[in-house]
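What follows is a short report on a single structure.
The values are calculated or read from the model by the stated rules, or taken from the named source; none is laboratory data. Please read all numbers here as calculations on a predicted model, not as lab measurements. Because the Cβ atoms are built from the backbone with ideal geometry, glycine has one as well, and the counts that use them run over all protein chains shown. Keep in mind that these areas ignore ligands, DNA and RNA; they rest on the heavy atoms of the full protein, side chains included. Shrake-Rupley method; radii C 1.70, N 1.55, O 1.52, S 1.80 Å.
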Amino acid sequence: MKLASHYNRVSILVTLSVLFVGAIIYFFAINNIAARLLDDHLSEEVSELLGYINARQELPNPVDFDDDQTKFIKTSQQQIPTRFYDTVYHSPKKIGDISGRAVEGKLSFKGQSYKFIIIISSESAEYLVQIIGIITLLLMCGLFGVLFLANKYFLNGLWRPFYKMVANLKSFDLASPEKFTPADTQVTEFIELDAAVLSMANRVKSDYQNLKQFTENASHEMMTPLSVIKSKLDTLIQDDSLEQEQFDQINDIYSAAGKLSRLNQSLLLLVKIENNLITETEELDMGQLIADKIRQFQELSASKAIVINSKPAGKLVKVSKYLIDILLNNLFSNAIRHNVSGGTINIYLTEGQLTFQNTGATLALDGDKIFDRFQKGNNSEGAGLGLTIVKNICNTYNWALRYEFTGDLHAFSVQF
Amino acid sequence: MLTYLSGDNNVCESCTDLAGAKAKLACYNYDFVLLDIGLPDGEGFEVLEFLKAERRSEAVIIISARNSLDDRIKGLDIGADDYLVKPFHLAELKSRILAVFRRKAGNNNNSLIFNEISIDLDGRNVTINGTEVVLTRKEYDMLLYLIANKGKVIAKTAIAEHLWGDEIDMHDNFDFLYSHVKNLRKKILDATPNDYLKSVYGIGYKFTDR
């Protein structure tokens, strides 16, 4: 749920309850005021009545009081307290019951005690209350609607820089040299957040750049000692006095040095690809390249008695010859290295896709991990960078790289 | 490196910085200069510029730890004859040196003779005792490589890297190499009784008449 919805929910609940309680208090207050006004009116009527009786020495006729009704009832009661109350009465002029306000009390006239009741119509007062109620209700609805709309649109506008920042963060790519575009906002909190995000992103990026620079330098620096090792080994094996045992050990050193230098080269290559340092492109025929590679790898595949089935179509791609060479090398090397003796490799090239299928281990690989650095099979002799490099090259050209395991065939497909 | 290259009556001298290199080059004429770009007191390119300015005829191979295209192009533009990236095998270096040297020597004698084996470098033909031996491209390249490093033990990795490039990385599985060596040896033995191609303790091969 969005923050705005949370806020809306709370604010609507609070507004509603305040309005509800307010409306009740308001209603009673208005009613009370109206009743008191009527009561004042009645009190006047009573004093008028008493004045009339004192002046004329007779009881007035009911008609004398136009809409109001006045009743005199003889009573023997000694005490009748004066009281006001709501009542309903019949008016001769109007049909049906009319709600009214009444006062009753006692008066003495010519030695006789009377209980008098004066009723006046409270309809106009009720009408007033209704009108005020309706106006108030309309006002409240209007206020409510305005609040709701304001929350909805104004708040959305208020949050726009925030969403811009979130989008920025989502599209944040450590490797890309692009800088953050700051969100345009006047809100202090957002400005602060934006500044924090910006400085964090820049710091992370510069750290990452340093790290890459370090990788590159370290790899370069390692090349010279590696070269020394190789040269010394090349010289060492010229020694006639060496025995088989020493040669075996030298062989192991050769292979370790070779592995190290390949690892180094792979790391350097990754740095180059990630930094987009290899930019020159040319139009190349993928089918032709694959045919060349099959020739180049024929000795290797033949040594494992692997059959390569290839159905290359002509497909032109605009890429770097260097990178596409490495991509194909790695795909071929993998397909051969992880193959079984007497296995097969199927290569399909269509307008939209290049697929390498090869026989091999009967278990599927973990498709999420195989493209990560240094992820390799248990009995793989490689450095675990081959597929990472393939993936990075594909990323460079916005190609999708997928792995599938179907019917005992491992398939790597590149979608152009 | 000096030991490896000093065979065959070659004289090799070395120095470790830019100043020393310029001093030596100013005093003597050499046939061949092997130049490391990363020198402690400057870039090796200066030596190349020095040679170019003096209109010297030394053949130059650059060796560098940086496998960058720019450096390579820059080096070759200034006048280097080849560019070798570290780490490399000495056998590879020697075969490159000989190749550069042959190219510099001109076209008058473009054949390579090893006892009764004669290689026509233009036509890529091999004749032994006057009979032509038909070799595949890989076998031909291998023979050239072996003869360039004659009398030396060459590691299997060095041969594999020379023939297939180090991008093709088969992780020390040299079965495929073995069959090529076997075929080449058989073809040579068919034409001459001398077995020059010797296997050395599983580490590599040696092409020698001794």
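Among the residues here, A:E192 does not qualify as closer than 18 Å to A:S266 by Cβ, more than 7 Å from chain B (Cβ to nearest Cβ) and either touching a helix residue (DSSP H, G or I) at 6+ places or on another chain (Cβ under 9 Å) or assigned to a helix (DSSP H, G or I) (or both). Of the listed requirements (1) modelled with pLDDT of 85 or more; (2) over 30 Å from A:L19 (Cα atoms); (3) open to solvent by 30 Å² or more (accessible area, probe 1.4 Å), A:I33 misses just one: (2).
Just one of (1) within 19 Å of B:D17 (Cβ to Cβ); (2) among the acidic types (D, E); (3) within 13 Å of the chain's Cα centre (by Cα) fails for B:D82. It is (1). So, in segment A:286-298, of the ones that are over 23 Å from B:A160 (Cβ atoms) and surrounded by 15 or more Cβ atoms within 10 Å (Cβ to Cβ), which residue ends up nearest to the chain's Cα centre (by Cα)? The residue in question is A:M286. Taking segment B:8-120 and the helices (runs of 4 or more DSSP H) fully enclosed by it, the elements with 3 or more residues that are open to solvent by less than 70 Å² (accessible area, probe 1.4 Å) and in contact (Cβ under 8 Å) with a residue 40 or more places away in the chain are at B:90-105. On the basis of being within 13 Å of chain B (Cβ to nearest Cβ), touching a residue at least 24 places away in the same chain (Cβ under 8 Å) and either part of a helix (DSSP H, G or I) or open to solvent by 40 Å² or more (accessible area, probe 1.4 Å) (or both), does A:L267 make the cut? Criteria met by A:L267.
Summed over segment A:229-264, residues that are facing another protein chain (nearest Cβ under 8 Å), part of a helix (DSSP H, G or I) and without any contact (Cβ under 8 Å) to a residue 40 or more places away in the chain total 16.
Exactly one residue out of A:V88, A:V10 is at pLDDT 85 or above, among the β-branched types (V, I, T) and surrounded by fewer than 14 Cβ atoms within 10 Å (Cβ to Cβ): that is A:V10. When each of A:K170, A:K115, A:K164 is tested for being basic (K, R) and under 30 Å from A:V103 (Cβ atoms), the lone residue that passes is A:K115. The single residue among B:L144, B:L189, B:L163, B:L135 that is over 22 Å from A:A305 (Cα atoms) and under 16 Å from the mean Cα position of the chain (by Cα) turns out to be B:L144.
I'm told B:Y145 meets every condition in (1) within 13 Å of another protein chain (Cβ to nearest Cβ); (2) buried (at least 17 other Cβ atoms within 10 Å of the Cβ); (3) not aliphatic (A, V, I, L, M) except one. Can you identify the failing condition by its number? Here B:Y145 clears every test but (1). Which residue pairs have Cβ atoms under 8 Å apart, sit 6 or more places apart or on different chains, and have a first residue in segment B:182-203 that is not assigned by TED's automatic domain parsing to the domain that holds B:I119 and a second that is aliphatic (A, V, I, L, M) and at pLDDT 90 or above? Qualifying pairs under 8 Å: none. The set of residues from segment A:144-157 being without any contact (Cβ under 8 Å) to a residue 40 or more places away in the chain and surrounded by 10 or more Cβ atoms within 10 Å (Cβ to Cβ) comprises A:G145, A:V146, A:L149, A:A150, A:Y153, A:F154.
The set of residues from segment B:189-210 being within 13 Å of chain A (Cβ to nearest Cβ), at pLDDT below 85 and loosely packed, with under 14 Cβ neighbours inside 10 Å comprises B:G202, B:R210.
Being farther than 15 Å from A:I326 by Cα, hydroxyl-bearing (S, T, Y) and under 50 Å from the mean Cα position of the chain (by Cα) holds for only one residue in A:S301, A:S261, A:S255, and it is A:S261.
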